[in-house]
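Engineer: Mind having a look at this structure? Questions to follow.
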Amino acid sequence: MDKMRDALNEDDSSLVVYGCSVHMLNLLSLNITPSSVMKHVLEIQKYFGNHHKPNAWLTECPDTVKLQLPTETKVEESTNTHRHIYQE
């Protein structure tokens, strides 16, 4: 991804090239969500993931989304993104 951003900047320096917005939001959520709350969120998600009937009931409910366990984003990706955003 870094090579692609560098190549785009070489071709046209007026382009604003930045990293993945999803990763940036993930890093922001790590700062906003306290670990005490995240612990309970993980318990609930693991319960539905590990128990067949409750998971099936949740899936049958209209307007529900599939539960996903949160993943960690590497901080170095964010650093590279900021470097490219503020590059002169």
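Engineer: Select from segment 7-41 the residues that are surrounded by 13 or more Cβ atoms within 10 Å (Cβ to Cβ) and not in a loop (DSSP other than H, G, I, E, B) and list them in ascending order.
Structural biologist: Result: Leu8, Asn9, His23, Met24, Asn26, Leu27, Leu30, Met38, Val41.
Engineer: Within segment 42-83, which residues are modelled with pLDDT under 85, part of a helix (DSSP H, G or I) and not basic (Lys, Arg)?
Structural biologist: Result: Val75, Glu76, Glu77, Ser78, Thr79, Asn80, Thr81, His82.
Engineer: When residues of segment 11-28 are filtered for being under 20 Å from Leu67 (Cβ atoms) and free of Cβ contacts under 8 Å to residues at least 40 places away in the same chain, how many remain? Don't jump to the end; show me each part of the working.
Structural biologist: Residues of segment 11-28 under 20 Å from Leu67 (Cβ atoms): 22, 25-26.
Of the ones still in play, those that are also free of Cβ contacts under 8 Å to residues at least 40 places away in the same chain are 22, 25.
Within segment 11-28, residues that are under 20 Å from Leu67 (Cβ atoms) and free of Cβ contacts under 8 Å to residues at least 40 places away in the same chain number 2.
The values are calculated or read from the model by the stated rules, or taken from the named source; none is laboratory data. Fair warning: this is a prediction, and the values are worked out from it, not measured in the lab. Glycine gets a Cβ as well: all are built from the backbone with ideal geometry, and neighbour counts include every protein chain shown.
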